[in-house]
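Since the structure comes first, as C-alpha cells, the remarks are kept for the end.
Each value in this text was obtained by applying a stated rule to the coordinates, not by laboratory testing. Note that the structure is predicted; figures quoted are calculated from it, not measured. Every residue, glycine as well, gets a Cβ built from its backbone with ideal geometry; the counts of neighbours run over all protein chains shown.
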Amino acid sequence: MNREIYLDLSRARRGSEHRFLIAFETSESRGDIIKDWIIYILECSDKTYYTGITNNLSKRIKLHQKGMAARYTAQRLPVRLSFYKSGYTQSEARKEEMVLKDWSREKKIKLIKGIISRS
C-alpha cells in the first residue's frame, strides 16, 4: 500500500506552483514505514573498505562487480561483501552509513568480525 503526500511549494512572486510527490511505502497491516534498507561494507581488491546503502543488496553487489555502482569500487575490483545489516528506513540507513564511514579501518574490521556491534 502506498500513501501519497503532495508538498506544495508555491512562489508568491512569480505565481508559479510546484508540486512534488512524496511517496511512502507502508505496511498494510500496521501502517508503518517499511524498513527494507540495508547498510553494507565491501572489501575491495586493495583491502580498503567501501560502505554503502541499498534496498536490493544482490543487485547492488552485481553493479559494483561490473564497475557501475561507485567510482571508488570501480577502480578496485573485484569487491567482496564483508558485512551487511538490514532493517532500516532509507533515512536511518543514510545516517548509519555516515557513522560507519567515519570509523577507522580497525573499528570496521571489529564490526565485520563481530567483536563489536551496531544496535
Taking the stretch 37-76 and the residues there that are under 17 Å from the mean Cα position of the chain (by Cα) and of a type in the set (Lys, Arg), the one that is surrounded by the most Cβ atoms within 10 Å (Cβ to Cβ) would be ARG60
In the stretch 50-91, residues that are touching a Phe, Trp or Tyr at 6+ places or on another chain (Cβ under 9 Å) and within 22 Å of ARG118 (Cβ to Cβ) total 25
